[in-house]
Amino acid sequence: MDIAGQAINSSAYMRIGIDDTDSPAGMCTTYLGAVLAGRLSDSGMTVRDAILVRLNPNVIHKTRGNAAICLDVLGDPDTAFGMACDIVEELADFSCEDTNPGVVVSEADLPVEFYEKAVGDFCETDEAIALLAKAGARFRGYRNGRGLIGAAAAVASRFEDTTSEILVYRKPERWGSPRTVDRESLFLAERETYPHTWDTVDTENDVVVCVPHTPDPVLFGIRGVSEEWVLRARSMVCSEEPERERVFTTNQGTDAHLGKGSIGALEPGRSYLIRGTVSSVPVTRTGGHVSFMLSEGARSVRCMAYEPTKGFRDIIRMLRPGDELVVAGSYKEGSINLEKIRVISVISLSERKAPFCVSCQKRMTSAGTAKGYKCRICGAREQEPDLVRLPRNLKPGWYEVPPSARRHLAKPLCRGQPDLEKYGIA
Ligand code: ATP
């Protein structure tokens, strides 16, 4: 059943939200946003901003990256609402049972708390409908209306920090076929514009990151600090001829999903920045996934660095019990899935070795149980072993997963480090 609400007409500033239009087989909500933005402009309205809003990455109903779209528009809300619904009916992938689009047009501000909940926690469709009705918004939820959650959250969003992404879309006749994007030009764009842009390629692992492999309309996307920088990088990329492109303001790369947390009080599906002490030697499990325990007093949580995090696992393998850390990641199935860590301090490690015989310049050997040590050459004896300090190659500082394993919301270290005071763990 479709869900609809209608508000009083006016011609003014509005925010338009859209979500849940795609499926694993195709389409992309950002594409609908880009097409709608073009049509609104063509009809004489002013599109002041196109906003790509990433929501809780742990939501099970997401197709890929849990993205929703918000357009900031000046124009006639009734006309805009009609155009947004038309575009959803024209382009959303209704062949997939789990496509439940939502369209919102609101002239009133929606409470930012709803966005904050949707990016860090879980929301219900009824909650979205209640706040839309209260705000007098126009809205339509198709099928079970779940897309209204993302559409309302996008409209409610106000970012503390923003980045930009230019999304370049393919001509419809090419959707589903292999993409033609010149690899070298992407590496050149990265070389010329990093750290003002990031995650175009993963230099360390020699892979292209910004070209998807899914059958959706996106040809490639370039992320960066500002419209100017993503446009500069984009101008260096050679590819098949695109159909359209659009720069979005986004909450990607801002850590907007991370909240305060403490070990023993973590809730599944939320993402945290937490502090603790390593309490087990990291182990590499089947598939190359590395895990260790992090503790705070008597409470512990498992931390995981999965195989796709590649070289990041080498850092994790260097941890030892007693090392102090801050870790960032989502709490899922009893583990924190690591996005980045800060090594606050490393414990000094030593090894018991048989003492050295100064006269013979050789190590002694055990003289038997509880009998100390004896030099086999000169017969000298010592009771206590030497404590030899072991080198720790792990330096205090921040470490992160490579671009190929980075989640959309995770802030790359090239943008700066998390403010630990904000999370109460400075
Ligand atoms: P794409 O990124 O390719 O557009 P997607 O990964 O965003 O796809 P959707 O098809 O939009 O996935 O599905 C996500 C669904 O989850 C939407 O219906 C959205 O309203 C809903 N949703 C988003 N955030 C939350 C949340 N915090 N709690 C509950 N539902 C949510």
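Taking 0.36 nm per residue of sequence separation and removing the Cα-Cα distance, the S185/C378 pair yields an extension gain of 62.5 nm.
Taking each of K134/K411; K260/K395; K171/K340; K260/K310; K62/K260; K117/K171 in turn, the alpha-carbon distance tops 31 angstrom for K134/K411; K171/K340; K117/K171. Length gained on full extension, R302 to E267, computed as 0.36 nm times the residue gap minus the Cα-Cα distance: 11.2 nm.
For region 224-238, the Karplus equation 6.51 cos²θ - 1.76 cosθ + 1.60, evaluated at θ = phi - 60°, returns couplings of x, 6, 7, 4, 4, 6, 5, 5, 5, 5, 4, 5, 8, 8, 9 Hz by residue, with Gly and Pro reported as x.
The long axis of helix 147-156 is offset from the longest Cα principal axis of the chain by roughly 90 degrees.
DSSP bridge analysis restricted to the chain gives an antiparallel fraction near 90%, rounded to the nearest 5.
For the chain, the fraction of 1.4 Å probe accessible surface lying on carbon and sulfur atoms is 49 percent.
Ranking S348, P402, P391 by Cα position along the charge dipole of region 325-409, where only Lys, Arg, Asp and Glu carry charges on their C-beta atoms, puts P391 farthest toward the positive end. Phi angles across region 265-271 convert, under the Karplus curve 6.51 cos²θ - 1.76 cosθ + 1.60 with θ = phi - 60°, into 3J(HN,Hα) values of 10, 8, 10, x, x, 9, 10 Hz, Gly and Pro given as x.
Extension gain for V283-A108 works out to 57.7 nm (0.36 nm per residue, less the C-alpha to C-alpha distance).
Mind checking the angle between helix 29-42 and the chain's longest principal axis? C-alpha axes, 0 to 90 degrees, to the nearest 10. Approximately 40 degrees, to the nearest 10.
Note that the chain presents 45 Å² accessible area per residue, ligands and nucleic acids not counted, probe 1.4 Å.
At R0 = 60 Å, how high is the FRET efficiency between E240 and E421 if r is their beta carbon distance? Nearest 0.05 is fine.
Efficiency, from the Cβ-Cβ distance: 0.80.
Sorted on the mean count of surrounding Cβ atoms within 10 Å across their residues, most packed first, peptides 268-277, 236-245 read 268-277, 236-245. Roughly how tilted is helix 183-193, in degrees to the nearest 10 and between 0 and 90, from the longest Cα axis of the chain? On a 0 to 90 degree scale, this one is about 80. Simple point charges give the picture: +1 on the Cβ of Lys and Arg, -1 on the Cβ of Asp and Glu, and for the chain a dipole about the Cα centre of about 3000 debye.
Each residue of region 98-107 is assigned a 3J(HN,Hα), and the resulting list reads 8, 9, 10, x, x, 10, 10, 10, 10, 8 Hz, derived from the Karplus form 6.51 cos²θ - 1.76 cosθ + 1.60 (θ = phi - 60°), x at Gly and Pro. Placing dummy labels 7 Å off each Cα toward the beta-carbon, the span from E97 to D386 is 7.0 nm.
The values are calculated or read from the model by the stated rules, or taken from the named source; none is laboratory data. Keep in mind it's a predicted model, so treat the numbers as computed, not measured. Note that we place each Cβ from the backbone using ideal geometry, even for glycine, and neighbour counts take in every protein chain shown. Ligands, DNA and RNA are stripped out before the accessible areas are found, and what is left, the full protein with its side chains, is counted by its heavy atoms. Shrake-Rupley method; radii C 1.70, N 1.55, O 1.52, S 1.80 Å.
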